[in-house]
Amino acid sequence: MLNLFAIAKQNAVAISQAYQRELDSISGSEASIVSSFATWVEATAQLSINARLHVLVRLVTGGAHLNTYELTDELARLSGRTRDDLLRERLNTFYEKRTNFDLAFVNGDKFRYGMLNGGGVGLSQYGTYCLVLDWSVLGSVEDIAYLPGDSLKLCLRADGSLDQGLVEHSTTPHSHRHFMAAKERVHDILSTTSQHWPEVLVSSKDKYFEAIFIGTVTLSSVKCVRIVKSEYDRLWDMAFKSLDKHLSDAERAEVDDFLQFRRGVVDGIIKEEVMR
Amino acid sequence: MRLRLEAISVPDGVGIVRSGQTLRLARPPYLLINSPVISEDSLQEAILKAGFSASNVGFQNWEELIRFLNSKVVEYRERQGRPIPNSISPKDIIDMAPPEVVNGFLERVESELIPQHHFDHAEAILLAVLSNQSLLERPMVLTRATQLLRLIKEARDTSSHGIETLARRDLRFPSLIKHNEVERSDRLARAIETRGCVFVPAS
């Protein structure tokens, strides 16, 4: 079995060299800007996970974040079915992809997938709540590896099998995350101002830096929760409507969950940031 | 089947639905405006990264599908021991709302609920605002809530005055008045009352 974090560590020198080559290929003033970006990433970028509202409620009520395998294990305990059976049902045609990557690694079923976040809401299409995590969530900074995008797109062959060479080429340890980010985004860094650096770090679902880590995510490891303003407004609108109209079950459940999360904010156990 | 549920997030009743060639995100409040068209790539992302489960259930129409999604949320919440409340009290909502949201609610009380004569709901919201301890530090909000309560009282008075005026004018049978038939109709009514029957007895 492969060790993802050891592979990332072995790649540190190559990442430094690639970063230096990028700096050497541009002018001195440009290199200075790229270098400032790298320094900013190292100092500012945080680890985040995008989650759905019910995940947040689980954290606020004292539970922990569950990855696909942990969630399946919970269902297996309740239903008496096996993990693999439930996993195949949940993932269906994507089962091979998910397991070909994760289960090729030591402790792969403990992996959590997050990203490097410089101040935005991460990738919020499905996970509208961006949990910004404290670094202390990692047992050790060696329990994390970064990739310049989606690991399943970067490291799997067209037939869905894992390409070890691509894993070795793509991963970076925590100590070199800022070099990887800078070398991958030279053009974007030079074509924008420092104000937009958070968007350089996460710009689309195909352009972000994935962080794969092992660690327990509970409320105490969440520094703050970022929410897109439109989503925040949608939920308050639904709450207002619930005062005057009879909402459907799913709507009332969502308002109820949202108020549960807000109770955490009002009680000061979780910090909320609404992003425009 | 017209619609096929391709993936579902049970806890929040969100589905990824194939309708013809199009994939849509169906989520509360299940309005078309809140159901964006999404890419095929997004389906994979939802299942692999966002905790959705693959599904393969067909439906004839959106009502059926929405009923299914709702039932799944109900089941999930019951399994969790957190049944969905039948209603949510204004106090629970106002207590959790930050001041800027409360302000927005007051605006909507004035621009939506009062003009639509939803006085009871409007009053319940305003009373929840006035009883909220954390808003005591915001006299502007409380003043506004008090003004709106007064506005509701005036609107209620105006509304009941209007009904009384209508009743006094007895405009219930405008056609009879127009055709000078009020007196005849009154005689007829009294005859029916005396007979205890609408039909005239056969002679």
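The values are calculated or read from the model by the stated rules, or taken from the named source; none is laboratory data. Given the structure is predicted, the values throughout are model-derived calculations rather than measurements. Glycine gets a Cβ as well: all are built from the backbone with ideal geometry, and neighbour counts include every protein chain shown. Just so you know, the surface numbers come from the protein's heavy atoms only, side chains and all, with ligands and any DNA or RNA stripped out. Shrake-Rupley method; radii C 1.70, N 1.55, O 1.52, S 1.80 Å.
Under the definition of partner shielding as Cβ atoms of other protein chains within 10 Å of a residue Cβ, what is the mean value for peptide A:253-262?
Across A:253-262, the average partner-chain Cβ count within 10 Å equals 6.
From the alpha carbon gyration tensor of region B:1-84, can you work out the equivalent ellipsoid semi-axes (sqrt of 5 times each eigenvalue) and give them in Å, largest to smallest?
In descending order, the three semi-axes are 20, 15, 11 Å.
Give A:K207/B:K49; A:K110/B:K72; A:K229/B:K91; A:K110/B:K49 a once-over and call out the pairs whose C-alpha atoms are over 19 Å from each other.
Flagged as over cut-off: A:K110/B:K72; A:K229/B:K91.
At a temperature of 4 °C and a viscosity of 1.567 mPa s, determine how fast chain B diffuses translationally according to Stokes-Einstein, using the Kirkwood radius over alpha-carbon pairs as Rh; express D in µm²/s, rounded to the nearest whole number.
After rounding, the answer is 56 µm²/s.
Can you tell me the 0 to 90 degree angle between the C-alpha axis of helix A:249-266 and the longest principal axis of chain A, rounded to 10?
In chain A, helix A:249-266 runs at an angle near 70 degrees to the longest axis.
Dipole of the protein assembly as shown (Lys/Arg Cβ +1, Asp/Glu Cβ -1, origin at the Cα centre): which of A:I15, B:L136, A:F240 lies farthest to the positive side?
A:F240
Rank A:V266, A:T128, A:A76 by how far each Cα sits towards the positive end of the charge dipole of chain A (+1 on Lys, Arg Cβ; -1 on Asp, Glu Cβ) and give me just the farthest.
A:V266
Just from its helices, what would the mean residue ellipticity at 222 nm be for chain A, if runs of 4 or more DSSP H residues each count -39500 (n - 2.57) and the sum is divided by every residue, rounded to the nearest 500 deg cm²/dmol?
-14500 deg cm²/dmol
What percent do you get for the relative contact order of chain A when only Cα pairs under 8 Å and 6+ apart count?
Reported as a whole number, the value is 29 percent.
Report, to two decimal places, the Cα Rg of region A:1-51 normalised by 2.2 N^0.38 Å (N = number of residues).
1.49
What accessible surface, in Å², does a 1.4 Å probe find on A:V266, ignoring ligands, DNA and RNA and rounding to the nearest 10?
80 Å²
In debye to the nearest 20, how big a dipole does region B:2-139 give about its Cα centre with +1 on each Lys and Arg Cβ and -1 on each Asp and Glu Cβ?
600 debye
Give me the inter-chain shielding for A:87-96: mean count of other chain Cβ atoms within 10 Å, whole number please.
For this peptide, the per-residue mean of nearby foreign Cβ atoms is 4.
Using Cα pairs under 8 angstrom and six or more residues apart, how large is the relative contact order of region B:80-158, in percent?
32 percent
Explain nothing, just the number: dipole magnitude of chain A about its Cα centre with +1 on each Lys and Arg Cβ and -1 on each Asp and Glu Cβ, in debye rounded to the nearest 20.
Using Cβ point charges on Lys, Arg, Asp and Glu, chain A gives about 240 debye.
Taking a probe of 1.4 Å, how large is the accessible area per residue of region A:138-218, in Å²?
Ligands and nucleic acids excluded, the result is 41 Å² per residue.
Could you please tell me the mean projected area of the C-alpha convex hull for the protein assembly as shown, averaged over all directions and given in square nanometres to one decimal?
Taking a quarter of the hull surface, the average projection is 35.7 nm².
Ratio of alpha-carbon Rg to the 2.2 N^0.38 Å globular estimate for region A:105-260, to two decimals, please.
1.25
With Cβ to Cβ distances under 14 Å as the rule, what net charge do the other residues near B:N56 carry (K, R +1; D, E -1)?
Result for the neighbourhood of B:N56: +2.
Which whole number gives the average count of other chain Cβ atoms within 10 Å of the Cβ atoms across peptide B:2-9?
The per-residue average across the peptide is 1.
Rg and Dmax of chain A over Cα atoms: what are they, in angstrom?
In order Rg, Dmax, the Cα atoms of chain A give 20.2, 64 Å.
How large a share of the accessible area of the protein assembly as shown, in percent, is made up of carbon and sulfur atoms when the probe is 1.4 Å and the other protein chains stay in place?
52 percent
If eta is 1.002 mPa s and T is 20 °C, what Stokes-Einstein diffusion coefficient results for region B:80-158, Kirkwood Rh from Cα pairs, in µm²/s?
163 µm²/s
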